[in-house]
2 protein chains.
Amino acid sequence: MGMSGCDSNCTIRFTLPERSIMAFKCDIPAVPTVQQDDDAVRITRWDFEPGAVTGWHQHGWPYFVVLLTDATLKAHDGKNETATQLKAGQSYSRPAGVEHDVMNGSPHPIAFVEIEVKRPDALVQLARQ
Amino acid sequence: MGMSGCDSNCTIRFTLPERSIMAFKCDIPAVPTVQQDDDAVRITRWDFEPGAVTGWHQHGWPYFVVLLTDATLKAHDGKNETATQLKAGQSYSRPAGVEHDVMNGSPHPIAFVEIEVKRPDALVQLARQ
């Protein structure tokens, strides 16, 4: 997902005029810590206090998420809200294009690592080495 | 890395005749739990008891690793042994082609999630969606 305040061409994070309708009503920000950022990938650890949100954002790249803690992850796609129970060590992958707001619906802090593949073609090169 | 006993064309895990020379002398196997396995990626959680090893293997695909626990990861490349201190939540990425044996050098169990990108071109497709 985009960094807080990010206006990258690839991953867009913004506040919609209709934000109070389209996403979670919360201003506690999730905290990103970038672990790796190069031409091919960006790897970010995200820490959420209870109730913290990423803010509405669009994923410009395919990405993987690995949970570091148990978590109830709430997601808002602009119309519907979902809540997913996840265990530490669980993972999931998503294509580019996802738009949503994500909230920590747990009564405790949570964290996950997000791996965004900016240039899959660069991985193709790596695979051919 | 390859599954225990895997003889895939892409990720090869095998016991060398010279294994006692080339890699760690240990037969406690790390335990793989596959979380996702499709045309594009394989995601595997690996659990290691103290002293457990993956066995000698070659990575046929580029891969990411996310530590779920603090760990001292020992690696043997056939000639040299290294030990790396890692914290829960740390990550790293590697290209295809790496060959090594990996051991839990910690006095406690460790775990990590490994994401192997089998078909980066499939991620390219996803990125274009």
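The values are calculated or read from the model by the stated rules, or taken from the named source; none is laboratory data. Quick caveat, the model's predicted, so the values are computed rather than measured. When we count neighbours, we look across all protein chains shown, and the Cβ atoms used for this are built from the backbone with ideal geometry, even at glycine. Remember, those area values only see protein heavy atoms, side chains included, never the ligands or the DNA or RNA. Shrake-Rupley method; radii C 1.70, N 1.55, O 1.52, S 1.80 Å.
Among the conditions (1) in contact (Cβ under 8 Å) with a residue 60 or more places away in the chain; (2) within 30 Å of A:His59 (Cα to Cα); (3) in contact with a Lys or Arg (Cβ under 7 Å, 6 or more places away or on another chain), B:Met103 misses just one, which is (2). Given the condition open to solvent by less than 40 Å² (accessible area, probe 1.4 Å) and touching a helix residue (DSSP H, G or I) at 6+ places or on another chain (Cβ under 9 Å), answer yes or no: does some residue in region A:100-108 qualify? Yes, that holds for at least one residue. Listed by first and then second residue, the pairs linking a residue in region A:110-129 that is more than 7 Å from chain B (Cβ to nearest Cβ) to a residue that is crowded, with 23+ Cβ neighbours inside 10 Å and at pLDDT below 75, with Cβ atoms under 9 Å apart and 6 or more places separating them unless they lie on different chains, are A:Glu114/A:Met1; A:Glu116/A:Met1.
Going by what's in this entry, would B:Thr44 be described as farther than 21 Å from A:Val117 by Cα and either part of a strand (DSSP E or B) or more than 9 Å from every other protein chain (Cβ to nearest Cβ) (or both)? When the stated conditions are applied, B:Thr44 does not pass them.
Here B:Thr69 meets the list (1) under 18 Å from B:Thr44 (Cα atoms); (2) assigned to a strand (DSSP E or B); (3) out of contact with any Asp or Glu (no Cβ under 9 Å at 6 or more places or on another chain) almost entirely, failing just condition (2). Among the residues of region B:76-99 satisfying the criterion of being more than 14 Å from the chain's Cα centre (by Cα) and within 13 Å of another protein chain (Cβ to nearest Cβ), which is surrounded by the fewest Cβ atoms within 10 Å (Cβ to Cβ)? Filtering first and then ranking leaves B:Lys87.
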